[in-house]
Amino acid sequence: MEFWETSFIEKQTMWGFNPTDTAIMTRDFFLERNVKEILIPGIGYGRNASVFIESGMNVTGIEISKTAIELARQNGVNSTIFQGSVTEMPFDNKLYDAIFSHALIHLLNKHERKKFIKDCYNQLKPNGYMIFTSVSQKAPMFGKGRRLDKDYFEIMKGIKMFFYDSESIIKEFGEYGLIEFSEIDEPDKDVDNKPPINFFLIKCKKRV
C-alpha cells in the first residue's frame, strides 16, 4: 500500500473504532422505544453503526466518502449506504423509526443545517425520533481560527464549525419536535490523556 493511501485511511479512521458514549446512549433510548429502522446520515466507517446493528436494528447510512464506505464494509457493516452529501437528502422515499447523526451538523453552514434538520424530520414516521450530537460552545475549539458568522468559525484550513448553545438549539430545532437537550463530555477512547469534548445531545420527536 502506498504511503498516501495509508495516510488517507488513517485520517478516515482518526476517531478509532470504539463507538461513542452518545451512540451507546442513543441505542438504549431506541431499544426502549422498540425502534427497528434507523437512518444514520454521516455513517462514516461504521464505528457507531455497529451498536445499532448488533442490537437487531436495520440501519441505512449516508456517507460522502467512498473510502469510508469501503472501510465500513471491511468492518462488517453490510447495510445499505448511499454515497453522497447529506445536503443532497433525501436519497430514498422511505420513512424511518429514528435517525441518529453524530458530530456532523456542526460542520454545515446555516442554510445547510436548516435543510438537513427539515429533511431528517420529513423522513421520520409519525412519533419517530431524531437525535443529533453537536459540539457546544464549551468545546476547546470555540472561538479559534477565522470567524465566518455568529458562532461559526473556520478553526483550521478547510474545517468549519458551528458551535451550539441552548438559544441556537431552540431556534433551529424548536419547530421540529424538540423534546430535550443535554450536555455530555465525550471522551476520545482511543487516545490516552486527551481531554473530552463537550457535546450537546439533541432529541426531537415527530409530532402526529
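The values are calculated or read from the model by the stated rules, or taken from the named source; none is laboratory data. A quick note: this is a predicted structure, and the numbers were derived from the prediction, not measured. In this analysis, Cβ positions are derived from the backbone assuming ideal geometry, glycine residues included, and neighbour counts consider all displayed protein chains.
What the table shows:
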read-out: Qualifying positions in the range 180-198 - modelled with pLDDT of 95 or more and either farther than 20 Å from I24 by Cβ or crowded, with 17+ Cβ neighbours inside 10 Å (or both); value: F181
read-out: Count - residues of the range 19-58 that are touching a strand residue (DSSP E or B) at 6+ places or on another chain (Cβ under 7 Å), surrounded by fewer than 21 Cβ atoms within 10 Å (Cβ to Cβ) and among the polar types (S, T, N, Q); value: 2
read-out: Matching strands (runs of 3 or more DSSP E) fully within the range 121-174 where at least 3 residues are within 23 Å of F100 (Cβ to Cβ); value: 124-135, 159-162
read-out: Qualifying residue in the range 96-119 (condition: under 25 Å from R33 (Cβ atoms), out of contact with any Ser or Thr (no Cβ under 8 Å at 6 or more places or on another chain) and basic (K, R)); value: yes
read-out: The one condition in (1) at pLDDT below 95; (2) among the basic types (K, R); (3) surrounded by 13 or more Cβ atoms within 10 Å (Cβ to Cβ) that K206 fails to fulfil; value: (1)
read-out: Residues satisfying the stated conditions in the range 128-177, i.e. hydroxyl-bearing (S, T, Y) and over 25 Å from D21 (Cβ atoms); value: Y152
read-out: Among residues of the range 103-112, those that are surrounded by 15 or more Cβ atoms within 10 Å (Cβ to Cβ) and not in a helix (DSSP H, G or I), counted; value: 3
read-out: Boolean, I81 is modelled with pLDDT under 95 and of a type in the set (V, I, T); value: no
read-out: Condition broken by K94, with the remaining ones in (1) within 16 Å of F30 (Cβ to Cβ); (2) in contact (Cβ under 8 Å) with a residue 24 or more places away in the chain satisfied; value: (1)
read-out: Test result for K115, in a helix (DSSP H, G or I), surrounded by fewer than 19 Cβ atoms within 10 Å (Cβ to Cβ) and without any contact (Cβ under 8 Å) to a residue 40 or more places away in the chain; value: yes
